[in-house]
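Scroll down for the structure; my scribbles are underneath it.
The values are calculated or read from the model by the stated rules, or taken from the named source; none is laboratory data. Predicted model only: the values in this text are computed from it and were never measured. Positions of Cβ are backbone-derived with ideal geometry, glycine not excepted, and every protein chain shown enters the neighbour counts.
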Amino acid sequence: MNSHLPVYLDNNATTPMDPRVLEEMLPYFLDKFGNAASKTHSFGWEAEEAVEHARESIAALIGASPKEIVFTSGATEAVNLAVKGVFESNGQKASHLITVQTEHKAVLDTCLAIEKKGGRVTYLPVDENGLIRLDELEAAINKDTLLIAVMFANNETGVIQPIKEIGNIAAKHDIYFFTDATQAVGKIPVDVQENNIDLLAFSAHKLYGPKGIGVLYVKKKNGPTLTAQIDGGGHERNRRSGTLNVPAIVGLGKACELAETELASEAARLSRLRSQLESELGNLDVIINSGSSSRLPHCSNITFPGVDGEKMMLEASGRIAFSQSSACTSATIQPSHVLMAMGVPVELIRNSFRISLGRFTTSEHIDLAIEVISKIVNAHRSERN
C-alpha cells in the first residue's frame, strides 16, 4: 500500500480502506444481499445478524452498549441528528447551546441552523494551543443551557480537549454532553462511560473503513431524547429511518475490531514516526502548532515561515499528498478558522500545513516527506533572500 508516488499523508481527510475490511464486506454485496429489516426469511435474518454483530464491535470500541449505537450516513449526519435532535425534542424549554470556535464545520454550521430556529449558542474561545478553558465553559452555563458540544480531538491540529473534565462539568449541571469524536475513535482510547458522554459521532472512513457510514452513540440510561431528522419506517429505534447499508455497516464493524486490537501498538508506532518528522523538519525553523498540547499521535500541523504556501503544495503534490491550512471555496482562499481562533497571524496560516500519518505510512514515507519539504522550503527562502 502506498508503494507508488505520491505518498499519502492526509489521513485526517480520509483513510484508505484496510484490505481486511473489504474482504469482510464483499459477501454482503453479492450472496448475502438481504435487507436487515426483512423479518420473514433467512436472507433478512442473515443481514440482521451481521448488522448486530457489527453493532457489538462498534459499541465495544467506545465502551457503549450495542443498543446505544445508531447508524447514519456519516459523522455529519450524526452531528445533525445529535444537535438538532436534542434541540427540537426539548421544545424550546432550554434553548442554549455551548460549543467551541474550533469545531468542525459540521458542528458550527449545525449550530448556525439552530440559531436560525431561535436557539442561542455560545462559541467558546481557545488558547494559543487550541484548548478551551474549563472555567470559561462553566461560566457560560446558565439555566437555559441544554447541550455542550466539544470536539474530542481537532481535525486540523490533533489537539485533544480535556474531555473527562468537560463531561464531569456537564454531569454536575445536568446538561447533555455531545462530542464529535471523528478523529479520535480508533486512534486513541475513547470511553463514553468514563467520560460522561451522552452523544458521540464518528465516521468509518477515518478508521480504514468505507465512506458513507457513520455512527451516533446515544446514551440509554438518563440519556437524551432525539427528534428524528429522517422519517419513514422507524428504523434504528425511530431515530433514523432508511434501509440499512449492510455492507458498509459490516465494514465499519470490522474496522472497529481491528482498531481495538491494534490501538496501542499503532499509536506508539505513529508517534515515533511523527516525532521523526517534526524533529527533522524542526531544523528548518518551523512552528509546530499545538505542539505542547496533548495531541493525536499521528497528526502534525506545521507552519513554515518564509514560503509560498500555494506554490509549496503544487511543488510537493507529485511526490507527497498532504493538506494546507486554508480552504478554497468559490475561488477565494479562506484561512483556517481553527488557527485563527488560536491567534495565528493570517500570513502564517497561509504557510501552515497538516501532515497526518496512517496505518500504511512507513519510515521510508517519512524520509521522503522530510526530503521533499526541506528542499522546497530551502529553495523558497533562498529566492526571498
May I ask you to list the residues in the range 1-30 that are modelled with pLDDT of 95 or more, polar (S, T, N, Q) and within 20 Å of residue 368 (Cα to Cα)? 11, 12, 15
Every residue in the range 278-316 that is polar (S, T, N, Q) and either more than 26 Å from the chain's Cα centre (by Cα) or over 16 Å from residue 372 (Cβ atoms) (or both), please. 279, 283, 289, 290, 292, 293, 294, 301, 303
Can you tell me which residues in the range 204-232 are within 17 Å of residue 64 (Cβ to Cβ) and surrounded by fewer than 21 Cβ atoms within 10 Å (Cβ to Cβ)? 219, 220, 221, 222, 223, 224
Within the range 159-210, can you find the residues that are in contact (Cβ under 8 Å) with a residue 40 or more places away in the chain, among the small types (Gly, Ala, Ser) and not in a loop (DSSP other than H, G, I, E, B)? 201, 203, 204
When restricted to 263, 258, 252, 270, the only residue modelled with pLDDT of 95 or more, touching a His at 6+ places or on another chain (Cβ under 7 Å) and hydrophobic (A, V, I, L, M, F, W, C) is 270
Kindly indicate whether any position in the range 303-317 is of a type in the set (S, T, N, Q), out of contact with any Ser or Thr (no Cβ under 9 Å at 6 or more places or on another chain), buried (at least 20 other Cβ atoms within 10 Å of the Cβ) and within 20 Å of residue 4 (Cα to Cα). no
Out of all the residues in the range 31-57, which are of a type in the set (A, V, I, L, M) and at pLDDT below 95? 36, 37, 47
Residues that are outside any helix (DSSP H, G or I) and free of Cβ contacts under 8 Å to residues at least 40 places away in the same chain, drawn from the range 237-282: 241, 242
Six or more apart or on different chains, Cβ atoms under 8 Å: show the pairs whose first residue is in the range 119-143 and in the same structural domain as residue 96 (by TED's automatic domain parsing) and whose second is of a type in the set (Asp, Glu). 120/144; 121/115; 124/136; 125/136; 133/127; 134/165
Could you grab the pairs with beta carbons closer than 9 Å, sequence gap of 6+ or different chains, first residue in the range 211-236 and more than 26 Å from residue 148 (Cα to Cα), second one of a type in the set (A, V, I, L, M) and in a loop (DSSP other than H, G, I, E, B)? 211/17; 233/37; 234/228; 235/36; 235/37; 235/244
Can you confirm whether residue 159 is surrounded by 23 or more Cβ atoms within 10 Å (Cβ to Cβ), modelled with pLDDT of 95 or more and more than 30 Å from residue 261 (Cβ to Cβ)? no
